[in-house]
Every structure is written in structure tokens, then in C-alpha cells.
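Trainee: Encoded as C-alpha cells, here's the structure I'll be asking about.
The numbers here are math on the coordinates, done by the rules we state, and not lab data. Note that the structure is a prediction, hence the values are computed from the model and not measured. Backbone-built Cβ (ideal geometry, glycine too); neighbour counts: all protein chains shown.
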Amino acid sequence: MAVREAIPKPPDAETEQEVSSFAKALFLGEIHEQLVFPWPRPDPGERERIRALNAGLRSYCAESYDPRKVEEERWIDDEVLRDLGEIGVMGLYVDEAYGGQGLSQTGYARVFETIGEIDATLAIVLGVHQSIGYKGISLFGTEEQKQRWLPDLAAGRKLAAFALTEPEAGSDAYGIQSRAVEQPDGSWVLNGEKRYIGNGSRADVITTFARCEVDGKDRHVALILEKGMEGLEVGERYDTMGLRGNDLRRLYFKDVRVPAENVLGEPGEGFRIAMQILNNGRIGLGTGSVGATKKLLDLTIAHVTEREQFGRPLADFELVQDKVGWMVSYLFGLEAMTYMTCGLVDAGVPDYSLESAICKVAGTEFLWYAANRSLQLAGGQGYLRSEPWEKIVRDIRIFPIFEGANDVLRAFVALGGFKPVGERLEGLGDVSLGDPIGSIGVLVDYAASRAKREVRPDRIGMAHQELSGHADAVSGQVKQLAGETERLLREHKGEIIERQFQQKRLADAVADIFAQVAVLSRVTAIFDDQGVEASGQERFIAETFCERAAARVEGNLGQIESNDDERMTSIAKLSYRRGSYGYALFED
Ligand code: MYA
């Protein structure tokens, strides 16, 4: 069910260029605001359904779901999972035709916020199941495959898992070693090993990936494995710091024969399929972080308003207000950005890979800092195992690591932005950026042609006029981002792939720009609905977020030129040579 009916047509022919990704275009200095204005409106029919699902989920879990028991027993009762399936939360986005709830990405995220508030382990078990476990079947499955698997998965009669990571291929997912060889009868024989697989021994259906040969080329294939297949062995369970109810396992594939009808998509397309599934999963971690932070905020407000010290509630102290104010204002921005991304998916924007990576990085890091600050405000009480903070902190520590380690995703975002800029530069003169002398002329030509192309959409004109100051500031930041991107490419050419300090700065800058655009769109909709006067608090929070985000953008882009990166790499290399700290103050 589409949240937004259709993407409105751009205003004139010059701006009517094919644009597949809002975030990638920002690196080119282009703001395709018709993709992000107006704010995506929830479908009224869907709103009712979400309310009913959330209410059912809350009342069921209040009675029958005990997070501590799940942690002690290290799994969720099968009966509870069956009940949750009956409530409808095991097949949230699956078409009604296959027995699911047919929710949009936005609707899915809203129910997942509630799941995340109840318990992170529950969110991960259900998230592994539908966010990534059977997402591939829903996105790339044939009609026959959907009919075969989705009804049982959506109803919770079967559980799914996603198996990509291997001992030698974590962040470098392209480098998986598992291998599938096609047989004369069209089936495949699979060998290899996977690790850190959630729902590992419980899953009935596992989406997995292996290398394969297609037309003599080394490619990847996506396969659906089923419990009980000969040679599919479940290995030992990992003993983890948090999410202790998550059944995290090794899996071994020993000559597993996979029938042709279990191949997902085209052989050779496996890596693209894996990445597309993860794009969806990463948004889930962004919106899940929104839900988890709301819970932390509730805990924090309750604690600081009740607890008194020095004859006053903690809430009265400035440094407490600083933390709570930061939490609320950043949450407002993160919520806008993550739901804006859901809106892009629902509107059918083809490429949201950068946006989803941005949501994952921003969401999981904010949640981590928020949890730390919330625990700090709870004082000694926050450190007790009987209190909720201890478990939350343990459970969420993995979020910045899994589904793409955050620094790897930052590199992915920056390189994803460099790519269209590099292509444009190369395309102008057909000269490789790897050729330092040849490219100079091209870059000069490009700079000149750019001046003539000022009609490209480089301003935000659809924000409410009361927000025009912020909209202009964001337009300026986009211009600066594009300028720095081009300058870095010109300076480093192909070597840019090694410049991780600079990649991080660009990735963080574009994340803050995207978040500001989302906030402007959100508040414009609030102004339109309620009037400017009546929306004073939202305006105040939004402006606070935008001003802080703008300062971060300035900081990050400013450091591209002036930084101590070389000192940091030298110190690190020296310490590798010394093998330890090596600057002992005492000689004992
Ligand atoms: S699941 C396992 C998680 N693992 C990863 O995420 C792996 C991380 N690594 C990668 O993503 C890739 O290997 C990177 C690129 C990014 C490093 N969308 O040359 P390339 C295309 C679309 O850049 P590499 C888990 O943890 C690219 O354009 N396409 O490749 C469970 C290119 O195509 P072309 C993409 O340098 C957690 C081609 O691929 C994407 O090797 C459980 C090659 O690209 C993309 N994103 O790698 C979580 N990336 O050749 C449960 C690349 O055409 C969730 N490409 O240009 C629960 C949710 C609920 C939470 C609730 C909380 C409370």
C-alpha cells in the first residue's frame, strides 16, 4: 500500500533528469526536493490497522512475554511465537494475498518501534525473520516461490534466517567462500560455512549466498535452504554479551543439494540481492533505534522528575536538561530522517541504499549515546541488573556492528556519492580519473560547464516560507558538499578509495544534510496542518536540530582541508611497531 500516491513531476525540463537516489544527487549539488516534499502521509486505512496491531501486541506481551525469562531460557517460547504469528506481527509487509498484513515500509517500521520498545531480543528474532530472513523471497521470489513459502512464514508457522556472513567474510561480504556448483539437472551442490546466523537452529527457511560460476565468470547466487536438507548442519551456539535470547549459530553446508526451484533471482545476481535485502534491514535498525530511544527517554524523564538531590528534582539541573534536550531534539531529527526514508521506499524511489545506510549509522550511534546518557542520569541505580538499563546497554551494543559495521557503511555512503561525481567528470572528457595529467583539462572544462548549468535543482523551494532561513542554509551546505566532493576527487582520483578520514567527513556531512531536509519537510507539513502559530514547540525543536546539524556539517567539511589525519596515522603506525602503548612513565 503506497503511502504517497506518486512522485510529483519536477517543475521544468532542465530539472527533469533521471534521478534514482536523493542522497547520491546531493553529492552532485542537486536537491531533488520533489522526492522529499511534501512529507509522506500515512494511509488512513493503514493507520487503523497499525493501531490494532500495536494494541494487540502490547496487551499480549504485557501478559505473556517476559524479556528476562527469554534471556534466561535463551529463546522465546515456541507458543509465544505462534501467538505472535496469530496477532499478525510475523508477516507485517507481506501481501494480504499470502496471508500477511500488507503494510507499507512506514507501517512496518511503526509496528517494529513497538516491538523494539517491548524487548530488543524480540525485535531481533522477528527482525531476522522478516526484515532480512524472507525479505528476499518477497522482493525477488517467483510467484511459485511466494506461494510456497510466504503463507507459512507470514503466519509464524515457519521461521526464517539470513545467512551471509562467513569466518573470512564479515564486512567484505563480496568475498564469501561458500560455493554452489550447478548440476546437469539444474540443481546446485552447496559447500561452505556461515557464522553469526540469528535464528540459526530454529529457522525452517534460510536465505543464503554462495559463489558460483556463470558463463565462466565468478559470481554469486542466492539460495533458499530448508530445514532438514541433507548436509545442512547447525553448529555451536555463540555465547553473547547481549541479545542472549537470539539463537546465534554457525551453519555448515556439506554437499547440500539445492533444487533449481530454490534459487532466488538469477544465478549471478546473488550479491545484488543480498545488498538489496540489507538496504531494507538497515532502515529497520534506524527506525528500531527511534523506538528504543523513545523508551529510554520515558525511563529518563520518569527518573529525573522523581529523584531528588540537593533538595530538588534532578530535572532542575542544567546538565540534566542538556542531556534530555539533546535526546528530544536529536530524536526529532532521526525520526524525521528514518521515516522520510520509509516514505522514499513506499513512493517507489528505486535506490535508497545510501539513505538506509545513513539511517542505520545515525540511528544505532544515537541510540548508543542516548543509552549511555540515560544510564548516567539513573546513577548507581542504572548499574543494577534489576533495572532496565543494564540489559538495554548490553542488547544494543551490537547494533553499530551488525548489518554493516558503521565505519564500513560510512565508506559505502561516501564512495556511493563519489561514484556519480566521478562518472560525470570522466564522462565529460572520456579521460580516466586514474590518469592524473589527462584529467586536469577535463576538470577545468567541467568547472566551466557547471557554471552554465546553474539551472540544475540546487535550492529548497518547497519548505514553508517561515523556514526559508534554514532551507537556504541547507542549500548552501549542499553546494559546499558538492564542491568538496569534486575537490577530493580531483586531488586523490582513484586513490580516494583509501582516504577513509575524508570519506567519514563526507558521510557524516551528507547524513546531517539529509536529516535537516527531512526535518524541514516534516515541519512544513505540521505548519500546513496546524498553522505556524500553533506549532511553536515543533518549530523550536526543529530549529534546534537544524542549527546543531548545520554546525556539524560545517565542522566536518571544514576539517577536510585542515586536520591532523597524518599525525593520527603516524601515531597508530608507531604503536603497531612498538606493539603496545610504549611511552611508559615509569620503568618498572
Ligand atoms: S546480516 C550481515 C550483514 N553484513 C553486511 O552488512 C555486510 C557489509 N558489507 C557490505 O554491505 C558490502 O560488502 C560493502 C560493499 C558496502 C562493503 N545496495 O564494489 P562494491 C553494489 C545496492 O562496492 P564491495 C547481519 O548482520 C554496488 O553498487 N547495491 O562491493 C544480521 C556494486 O554494483 P555495480 C549495492 O566493496 C543482523 C556491487 O554491489 C549495495 O565488496 C541482524 C559491488 O559493490 C547496496 N547497499 O562491498 C539484524 N552495496 O557493480 C536484524 C553494494 O553494479 C534486524 N552494492 O556498481 C532487525 C531489525 C529491527 C531492529 C529493531 C531494534 C530495536
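Trainee: Ordered by residue, what ³J(HN,Hα) values in Hz, to whole numbers, does region 85-102 give under the Karplus form 6.51 cos²θ - 1.76 cosθ + 1.60, where θ = phi - 60° and Gly and Pro are x?
Mentor: x, 5, 5, x, 8, 9, x, 5, 9, 5, 3, 4, 4, 9, x, x, 8, x
Trainee: How much of the pair distance distribution for region 143-299 lies past 25 Å, counting alpha-carbon pairs only, in percent?
Mentor: Summing the P(r) of region 143-299 above 25 Å gives 32 percent of all pairs.
Trainee: In addition: Which aspartates and glutamates does Lys135 reach when only Cα atoms under 15 Å apart count, and residues fewer than 8 places away in its own chain are ignored?
Mentor: Hits, sequence-local ones excluded: Asp95, Glu143, Asp152, Asp204, Glu403.
Trainee: Still on this structure: Enter the Cα centre distance for the pair region 164-183 and region 260-292, rounded to the nearest angstrom.
Mentor: 16 Å
Trainee: Same structure, new question: If the reach is capped at under 18 angstrom between alpha carbons, list the aspartates and glutamates near Lys294, excluding any in the same chain fewer than eight residues apart.
Mentor: Within reach: Glu113, Glu117, Asp119, Asp322, Glu335, Glu365, Glu387, Glu390, Asp395, Glu538.
Trainee: Let me ask something additional. Using DSSP to define loop residues, name the GluC sites (Glu not before Pro) in region 218-282 whose beta-carbon has at most 12 other beta-carbon atoms within 10 Å.
Mentor: Sparse-neighbourhood loop GluC sites (Glu not before Pro): Glu230.
Trainee: Now for a different question. Given the DSSP H assignment, sum -39500 (n - 2.57) over each helix run of at least 4 residues in the chain and divide by its residue total; what's the result at 222 nm in deg cm²/dmol, nearest 500?
Mentor: -18500 deg cm²/dmol
Trainee: Suppose the chain between Arg567 and Arg157 were pulled fully straight at 0.36 nm per residue; how much longer would it get relative to their current alpha carbon spacing?
Mentor: Computed gain between Arg567 and Arg157 is 141.9 nm.
Trainee: Separate question: Expressed as a whole percent, how much of the Cα-Cα distance distribution for the chain exceeds 35 Å?
Mentor: So the pairs more than 35 Å apart make up 43 percent of the total in the chain.
Trainee: Which trypsin sites (Lys or Arg not before Pro) in region 323-385 sit in a loop by DSSP (not H, G, I, E or B) and have at most 15 other Cβ atoms within 10 Å of their own Cβ?
Mentor: Arg385
Trainee: Please list, or write none, the lysines whose alpha carbon is within less than 23 Å of the alpha carbon of Lys493, excluding same-chain residues fewer than 8 places away.
Mentor: Lys24, Lys419, Lys479, Lys504
Trainee: While we're looking at this one, here's another question. Given the C-alpha centroids of region 487-539 and region 552-588, what is the distance between them in whole angstrom?
Mentor: 28 Å
Trainee: Only sites in a loop by DSSP and with at most 11 other Cβ atoms within 10 Å count here; which GluC sites (Glu not before Pro) in region 18-51 make the cut?
Mentor: Glu18
Trainee: For region 344-402 and region 187-205, what is the separation of their Cα centres, given in Å?
Mentor: For region 344-402 versus region 187-205, the Cα centre distance is 28 Å.
Trainee: Could you compute the FRET efficiency for Val181 and Leu574, with r as their C-beta to C-beta distance and R0 at 45 Å, rounded to 0.05?
Mentor: 0.40
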